[in-house]
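Written out below as structure tokens is the structure these notes cover.
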Amino acid sequence: MAITTVVGASGQTFTVTVDGSAAQTLAQQYASAVAGLQAGGGFTSYNVSSGNVAGSGSLAQGLISTGGAYNFTGDLSYIAAGSYISESSPTYSLSDPVAINLTSDTASSISVLTGSFGGVTLFAGNQDGLFVGGVGNNAFLGSGKTGNWNVATGNGNDTILGTNGNDTISGGSGQNLIFLGSGKNSVLSEGQDTIYGTSGTDTVSLQGGSSIVQLNANATVFDTSTNNSVTVGSNSTIIGGSSGTYFTTGSGWGTFSGGTGDTISAAGSLIQDAGIANNISVGGSLQFLSGTGSTTITAGTATVWGSTGLVANFTGTSGTSLFVGDQSASGDRSTMAGESFNASSSQTSLIAWVGNNQTVVGGSASDTLTGTTGNSTLTGGSGAANVFQFIDGYAGGDYTITDFGSAAGNLVGLNKYNMTDADVSKMLNNATISGGNTTIQLSDNSKITFLNTTDLKASDFSLWGQS
């Protein structure tokens, strides 16, 4: 809590009590502006009484030191509500409610600095303005008005109804209710707030946690806290917090970046970037980039680029999905490590590029699993036939196929190895059978072990891309 001072009537010291960092910053801006005008000469500060107040221009400041309702009818540009300090009255703030009506004030721009423990209610007109609600429970009422406002309140439980102009709003650490108008708005939320924006283009920063946010399309939300519930329209971007619930409406694309332990839903399509252990459900298409941790994914179709430590359970609901393991910055696929992608619940096709120390499980549709450089475990899944593919120049590791015999028609695709049928027969003759498993070796030293399989045939192999 801080005291902002301005020069009162007859040179006396007039004080306004303000808490909340954003409100204190704007309070100092107000004080600096008034001090600059006073230093330039011709600036007047005078006391006003409740009732109708005729303002006196842009070089004047009306001072409110008692509670009541004030209806400003002139063109006054500066209003402060606080308390005079003297030896006989060492109080620093009002304690009674104050109502300030600016709907008849004709100034094109007006600045209002207030601090009353009884709370201040401000009725905005169509002018531009600045409002500081320093302490107490305050209300800014600008619905349907056209001005652009900068509003900051302290740590009380405040109500802010934005205008249809472009508003900048900062709520303190209380439980605030904020309605945004149809303009381009920016909100800093430091409390446990409820924020609605149904018609504007809004940017909201969440710092307090446990807030509820519902915004229109083309919104941007920066969540740096926890347990927030956020709903946005199409073409919106969310920078996620932790343990939050997020939903994008509409059929368009949304973007969600980061987040830890979040529940993320999209009616349309979604780009998810760099999340940790999130639960994701997408009605349309999903582009999943560099996520990690224990992650659940349900999507119509998906392109998943994993990252080290990803443990994903995936369900596709339409079309064909793609999984690509982690790619190092150097392009060395041998550094891909420590990922699991389980699509066993999926009834749609999966194409997977599987790298070092990675495990991929397909579903009941036809899947194509490609082993790249490094050691990996491939499970095609039962049901339709699958292809286990290896490409000369991209393979070169030790691979385990866990269920080659589980689906009729399963094939091993050998791509660009320049092999003939005779070469395949020779390879099978040189295979190692041990403990009910069969291991073959390719010309690039790739080793493929087929678990629970001892009857491999040449017809189980398909030769592609031969020169």
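Pairs only if they're at least six apart or on different chains, beta carbon under 9 angstrom, first in segment 169-189 and farther than 14 Å from LYS145 by Cβ and at pLDDT 95 or above, second of a type in the set (Val, Ile, Thr) and not in a strand (DSSP E or B); list them, first residue then second.
Going by the 9 Å Cβ cut-off, the qualifying pairs are SER170/THR25.
Working only within segment 397-446, note down all residues that are in contact with a Gly (Cβ under 8 Å, 6 or more places away or on another chain) and either surrounded by 12 or more Cβ atoms within 10 Å (Cβ to Cβ) or closer than 16 Å to ALA352 by Cβ (or both).
GLY397, TYR399, ILE401, ASP403, PHE404, SER406, ALA407, ASN410, ASN415, LYS416, ASP444, SER446
Results for (1) open to solvent by less than 70 Å² (accessible area, probe 1.4 Å); (2) out of contact with any Pro (no Cβ under 6 Å at 6 or more places or on another chain); (3) more than 29 Å from GLN207 (Cα to Cα), shown as yes or no for each residue.
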position	(1), (2), (3)
ILE3	no, yes, no
VAL6	yes, yes, yes
ALA22	yes, yes, no
TYR30	yes, yes, no
VAL34	yes, yes, yes
GLY41	yes, yes, yes
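Just the residues that are more than 16 Å from VAL232 (Cβ to Cβ), among the hydrophobic types (A, V, I, L, M, F, W, C), part of a strand (DSSP E or B) and in contact with a Ser or Thr (Cβ under 8 Å, 6 or more places away or on another chain), please, taken from segment 263-304.
ILE276, LEU286, PHE288, ILE297, ALA299, ALA302, VAL304
Return a yes/no flag: does segment 159-178 have any residue that is more than 27 Å from the chain's Cα centre (by Cα) and closer than 29 Å to SER199 by Cβ.
Scanning segment 159-178, I find no residue that is more than 27 Å from the chain's Cα centre (by Cα) and closer than 29 Å to SER199 by Cβ, so the answer is no.
If you check ASP455 against the conditions, is it more than 30 Å from ASN313 (Cβ to Cβ), out of contact with any Leu (no Cβ under 8 Å at 6 or more places or on another chain), surrounded by fewer than 21 Cβ atoms within 10 Å (Cβ to Cβ) and acidic (Asp, Glu)?
Judged against the criteria, ASP455 is a match.
Just one of ALA365, ALA352, ALA266 is of a type outside the set (Ser, Thr, Tyr) and outside the structural domain of ASN445 (by the TED database); which is it?
ALA266
The values are calculated or read from the model by the stated rules, or taken from the named source; none is laboratory data. Every value quoted in this text rests on a predicted model; they were computed, and no experiment measured them. For neighbour counting, all protein chains shown are included, and Cβ atoms are generated from backbone atoms with ideal geometry for every residue, glycine included. Note: accessible area is taken over every heavy atom of the protein model, side chains too, but ligands, DNA and RNA are not part of it. Shrake-Rupley method; radii C 1.70, N 1.55, O 1.52, S 1.80 Å.
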